[in-house]
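Asks: Here's a structure for you.
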Amino acid sequence: EVQLVESGGGLVRPGESLRVSCAASGFPLSSSSIHWVRQRPGEGLVWVSRLDRDGSVTTYADSVKGRFTVSRDNGENTVFLEMNSLRVEDTAVYYCAKGNRGGWFDPWGQGTLVTVSS
Amino acid sequence: QSALTQPPSASGSPGQSVTISCTGTSSDVGADDYVSWYQQHPGKAPKLIIYEVSERPSGVPDRFSGSKSGNTASLTVSGLQADDEADYYCSSYAGSNNYIFGSGTKVTVL
């Protein structure tokens, strides 16, 4: 079964850093891209980042460019989202999702909540 | 980049149909057939229900259908059931490995 499981969310203060993880099972990360999508409390889905299947090309939304970095560990079949200089407005549930050639996301992980507050 | 435009809400009685629009630009929705739709129940992760404008993943009932005309995509839910009450989001490829979601539509089954 293809599955993604996020972990690492928590409470941090503005300006601090946090790394969340996305563990994949049922498929090798080298076979597809992985995306990060976030959802602020009570709001809609917002695309954040993409890591291509080669693990070498990354793309970011303007709102996180220069602060967030996505990477992966092939040995652990895990993708990481390193978030630096966190802001209150980065508070959200962060989902990872498997990308597909037609631009669709499936499956999704269960999400991990990141709260940025003083 | 702003979100694709969806109506905030839609509703229908059980058995009726509801159609949700998703309006973008010629750079995203209108550029190709890379439009997808997601259903999200409260507190749950989104679930893919339509991909490439009108294709249904295995296990998704044929009550869900998608279409597109120009810069506007649409999702129709026919034969509304109680479990269809959820938030629905469209998504589109926006070029240069960027993606964009719609603002979301809350569907209420009356």
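The values are calculated or read from the model by the stated rules, or taken from the named source; none is laboratory data. Just so we're clear, the structure is a prediction, and the values are computed from it rather than from any experiment. Using ideal geometry, Cβ is built from the backbone for each residue, glycine included, and neighbour counts are taken over all protein chains shown. Calculation scope for accessible area: heavy atoms of the full protein, side chains included, ligands and nucleic acids excluded. Shrake-Rupley method; radii C 1.70, N 1.55, O 1.52, S 1.80 Å.
Asks: List every residue whose amide H lies under 5 Å from the amide H of A:PHE68, counting only residues 5 or more places away in sequence or on a different chain, with H placed 1.01 Å from N in the peptide plane.
Replies: For A:PHE68, whose amide H was placed from the backbone, the distant partners under 5 Å are A:ASN84.
Asks: Can you give the net charge of the other residues whose Cβ lies under 15 Å from the Cβ of A:ARG40, counting K and R as +1 and D and E as -1?
Replies: -2
Asks: Could you check how much of the accessible area of chain B is carbon and sulfur, as a whole percent, using a 1.4 Å probe?
Replies: Result for chain B: 43 percent of the exposed heavy-atom area is carbon or sulfur.
Asks: Using +1 at the Cβ of each Lys and Arg and -1 at the Cβ of each Asp and Glu in the protein assembly as shown, identify which of B:ALA10, B:SER74, A:VAL93 lies farthest towards the dipole's positive end.
Replies: Comparing the listed Cα positions along the dipole, A:VAL93 ranks first.
Asks: Excluding A:GLY55 itself, calculate the net charge of residues whose Cβ lies under 10 Å from the Cβ of A:GLY55, where each Lys or Arg counts +1 and each Asp or Glu counts -1.
Replies: Spelling it out: positives minus negatives among the neighbours equals -1.
Asks: Take every DSSP beta bridge with both residues inside chain B and express the antiparallel ones as a percent of the total, to the nearest 5.
Replies: 85 percent
Asks: Relative to the present Cα-Cα distance, how much length would full extension add between B:SER58 and B:SER13 at 0.36 nm per residue of separation?
Replies: 13.6 nm
Asks: Rounded to the nearest whole Å², what accessible area per residue is found for chain B with the 1.4 Å probe?
Replies: Here the per-residue accessible area is 45 Å².
Asks: At R0 = 22 Å, how high is the FRET efficiency between A:GLU43 and A:GLU82 if r is their beta carbon distance? Nearest 0.05 is fine.
Replies: So the FRET efficiency works out to roughly 0.40.
Asks: May I ask you to find the residues of region B:76-110 that are shielded by at least 30 Å² of accessible area once the whole protein assembly is considered instead of their isolated chain (probe 1.4 Å)?
Replies: At a threshold of 30 Å² (probe 1.4 Å), the residues of region B:76-110 that become less exposed are B:TYR89, B:ASN97, B:ASN98, B:TYR99, B:PHE101.
Asks: Leaving out ligands, DNA and RNA, what percent of the accessible area of chain A is carbon and sulfur, probe 1.4 Å?
Replies: Carbon and sulfur: 45 percent of the exposed surface of chain A.
Asks: Could you tally the net charge around B:PHE101, taking each other residue with its Cβ under 13 Å from the Cβ of B:PHE101, Lys/Arg +1 and Asp/Glu -1?
Replies: -1
Asks: Also: In terms of the ratio Rg/(2.2 N^0.38 Å) built on C-alpha atoms, what value belongs to the protein assembly as shown?
Replies: 0.99
Asks: Which GluC sites (Glu not before Pro) from region A:37-109 combine a DSSP loop assignment with at most 16 other Cβ atoms within 10 Å?
Replies: Counting only loop positions with at most 16 other Cβ atoms within 10 Å, the GluC sites (Glu not before Pro) in region A:37-109 are A:GLU43, A:GLU76.
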